[in-house]
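Trainee: Take this structure first; my questions come after.
Coordinate-derived values only; no laboratory data. What you see is a predicted model, and the numbers here were worked out from it, not measured in a lab. Cβ atoms come from the backbone with ideal geometry, glycine included; neighbour counts cover every protein chain shown.
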Amino acid sequence: MDIVKLRELLEAELSSEEPVRLDSEFYHDFRSLIKAYEASAESSKSRGETIEERLYLEQIRIAESLMREIIRLRLHKIVELAFKGVPVDLPPEEREILLTIRSFIEGDSKGSVQAMPESRTGGGAGEEQEKPAEVPAGSPVTHAYIVTVDLPAVMGPDMVEYGPLRSGDMVVLPDEIGRVLLERKAAFRISLRLGA
């Protein structure tokens, strides 16, 4: 993976109504790319190569910017797929989000998530459905909100501006803002267990 591949993926996402098929290691590969750039920047800094260091830092900025846009586009599509109940092949991280949204839509108050059928080429009707990946119980839990209406930017209690937000955006917000959105039915909350 590199910046060129991220640009190609962004172009593909922009021209497709459904999420582009990604390798199951896509997000892991992206994290590895960022770590490699960070290590190179640190190495350049320790050698006194400030121009080289700035180049690596700029590559990190570009890669993260491309990835944010790719994720934003894919989340919109994943929310749509969750409402339609369409089976789709997604990387594990996105599949967990899809299953969480499906669980919410179906009114599963216990929070248990049932796997949607996997889209497979040449698969028979008797194939076993894939179960969602188990996440270690000690993993940190992050609460995120999926916005269901377009919202203007708001100033949070931490004096940080959040937004503007579009319907389908998934964001991490201060509890005070999240509570107001939930009360007004302008968003719903999901809990994500983050792996180590």
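Trainee: To the nearest 0.05, how large is the calculated FRET efficiency for ASP29 and THR148 if R₀ is 25 Å and r is the Cβ-Cβ distance?
Mentor: E between ASP29 and THR148, to the nearest 0.05, is 0.20.
Trainee: For ILE71, ILE51, ILE34, ILE78, what ranking results if the residue with the fewest other Cβ atoms within 10 Å of its Cβ goes first?
Mentor: In order of increasing Cβ crowding within 10 Å: ILE51, ILE34, ILE71, ILE78.
Trainee: Between GLU58 and GLU106, 0.36 nm times their residue separation minus their Cα-Cα distance comes to what?
Mentor: 12.9 nm
Trainee: Set the bar at 24 Å for Cα to Cα. Now go through LYS5/LYS45; LYS35/LYS77; LYS5/LYS77 and name every pair that lies beyond it.
Mentor: LYS5/LYS45; LYS35/LYS77
Trainee: Using a simple spin-label model with points 7 Å from Cα along the Cα→Cβ vector, what separation in nm is obtained for GLU183 and ALA36?
Mentor: 4.9
Trainee: Between ASP169 and residues 5 or more places away or on another chain, which pairs have amide H atoms under 5 Å apart, with H built 1.01 Å from N, and which residues are they?
Mentor: So ASP169 has HN proximity to VAL147.
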